[in-house]
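Each value in this text was obtained by applying a stated rule to the coordinates, not by laboratory testing. Keep in mind that this is a model prediction, so the values were computed, not measured. Counting neighbours? That spans all protein chains shown, and the Cβs are built from the backbone with ideal geometry, glycine included.
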Amino acid sequence: MNQRWRIVALWLLPIGVVLLIGWQVISNGGLNSMNAGGGTGTTEAPRNAAVARMSYGRFLDYVEAGRVTAVDIYDGGRNAVIEAVDPDLDNRVQRLRVDLPGLAPELVNTLKQEGISFDIHPPRTAPPALGLLGNLLFPLLLIGSLIFLARRNSGMPGGPGQAMQFGKSKARFMMEAETGVMFDDVAGVTEAKQELQEVVTFLKQPERFTSVGAQIPRGLLLVGPPGTGKTLLAKAIAGEAGVPFFSLSGSEFVEMFVGVGASRVRDLFKKAKENSPCLIFIDEIDAVGRQRGAGIGGGNDEREQTLNQLLTEMDGFEGNSGIIIIAATNRPDVLDSALMRPGRFDRQVTVDAPDIKGRLAILDVHCRNKKLDGELSLESIARRTPGFTGADLANLMNEAAILTARRRKDSIGLGEIDDAVDRIIAGMEGRPLTDGRSKRLIAYHEVGHALIGTLVKDHDPVQKVTLIPRGQAQGLTWFSPDEEQTLVTRAQLKARIMGALGGRAAEDVVFGHEEVTTGAGGDIQMVASLARQMVTRYGMSDLGPIALEGGGQEVFLGRDLMSRSDISESISQQIDEQVRGMVKRCYEETVAVVAANREAMDRLVELLIEKETMDGDEFAAIVAEFTSVPDKDRTVVTLE
Ligand code: ADP
Ligand code: ZN
Ligand code: MG
């Protein structure tokens, strides 16, 4: 639960005006009419090598920097040819190829916002004869290869078993003779490191254990959310012990052909035995190791065979084979119980998202090769990033370094860090809004959020309010949740609901019931989910402390096929009523607070439109000028 709340807190931070993309697309009359002019008019992406390639990430950077002048999108959004200017070379125009992840509406929106001329070229349809050939090619190939295989088999003593060579020919595991990673490179996971220190000794000096008759464990399971350093830890063990590192991802085991995964497992263990002592790392083991026989429509034969092979191989180790298997997962709950039996993955080590001290230590590691401004304190960065994992922090420092280089500074400063944090949480900065009615509405919406955040007693403090668009949000209000808070009270949850409703309430009070916008869609979704969880998970409603919904969302993938359909219709009706009642009361309360502070709000909106960004203290000071009870602690809002 603690983990869950940290994540919720993080995502609560940017309560933004998320204008639904779909809405924009509809109001623009669909994709086809979105041709904003320009473009070169050809229908085929030039494939000649003369056009240099550029990564999608850099392309986005270029767009942000206003260097892109035209974009031609091909192949249903998988390729583009762009024209960019280089300010360093007298604005010379360059043509570059970019591989796109598909025709994302976000991209189209960004291009439109940036005023970049772009064109979408329909995929070229092949002449009919060619199409037929293409259709025939696959069956021909398949038949061809079957004949080929059959021939080979008939001539060999192994018979049909030889078909297993399939998997062998493309061994998909990786072997690193030296990972080069040491425990020093992994920070913030002290407990896990202590546990794993012993594994290093197993690999380095097995005699110490075997001489006293101890059985060396074979398998160890690293459990934790993505990006917390599980892979890194496994590499560090191999690095410290100086043994080869074999790695393979669970999803690579599961293949289209039954038996291929199992043959990969056999290959992997064979290679490992030849190279012992060594370490085998199986990432995402839940992809193969899910509870057998679970899921809708029965099990997956291929997966089960693979899993069985894995279990057999693990059982086949004699005494001390010098091989230790480490597996990683973030879903230990769905793993087959056979995997956890003694002699298999019987040890579990949890690798959690780091706390503030951990984050500081991780930042230290990732600043080793970076130049920091003397003023910059890593501690304040650690404080600003609750919920960040090691991978997020590494990404943060890298983004900050890139920004620093782009700004032609020689050391990373606080400004770059701040911008990088904002960017990682809320996405890329967009073009400033143009003055007008919609900017005013967005300003009122955001001020509504921030006003509630400032005035309601149990709300997290406001960090800043901004009208600079970021990601899909047109404006953002940032809150700073209490550092390392793991338990959240009912009053705090209600305050969060009110805070999220603040935007809509402000639109409602200022512009009238008919003028409220789709911008509050994201807020309202969050409100619904918070209120529902209060009722069904945390027992915070009149229904009493009863868990009314299971935690498992993925019914068909997880362990129990039967979800909680044991809730009667009358209970589920009562849940709905409780949720609705709670949200309704909160909304009325929110509207009341907003209406009572209309004057302050008008002033704040005026200032916000002028300055674009206001920090929380400045905001609170202005609220205090207008309210008789400026001290947040004295503004008691009853929520019943
Ligand atoms: P996981 O396997 O748990 O998803 P990884 O080990 O792949 O996470 O982490 C990705 C990257 O994030 C690492 O290569 C490293 O740069 C950084 N990282 C993650 N956790 C830590 C940590 N505890 N200390 C230092 N760096 C970390
Ligand atoms: Zn909002
Ligand atoms: Mg990993």
Signed unit charges on C-beta, dipole axis of segment 54-96, positive-most listed residue Leu89, Val63, Gly76: Gly76
Relative contact order [Cα under 8 Å, 6+ residues apart], segment 356-426, whole percent: 37 percent
Net charge of Cβ neighbours under 11 Å - reference Asp392; Lys, Arg +1; Asp, Glu -1: 0
Gln94/Ile402 FRET efficiency (R0 22 Å; Cβ-Cβ; nearest 0.05): 0.65
Computed FRET value (nearest 0.05) for Asp418 with Lys370, which takes r as the C-beta separation and R₀ as 22 Å: 0.85
Ordering of 446-457, 379-390, 597-608 by packing [mean C-beta count within 10 Å, highest first]: 446-457, 379-390, 597-608
Förster radius 35 Å - calculated FRET efficiency between Leu607 and Ala104, Cβ distance, rounded to 0.05: 0.50
Ranked packing of 270-278, 182-190, most packed first, by mean Cβ within 10 Å: 182-190, 270-278
Sequence ranges 52-65, 524-537, 302-315, ranked by mean other-Cβ count within 10 angstrom, highest first: 302-315, 524-537, 52-65
Karplus-derived HN-Hα couplings along segment 75-86 (A = 6.51, B = -1.76, C = 1.60, θ = phi - 60°), whole Hz, x at Gly and Pro: 6, x, x, 8, 9, 8, 10, 10, 10, 10, 9, 10
Amide proton proximity set for Glu284, modelled H, under 5 Å, gap of 5+: Gly250, Ala328
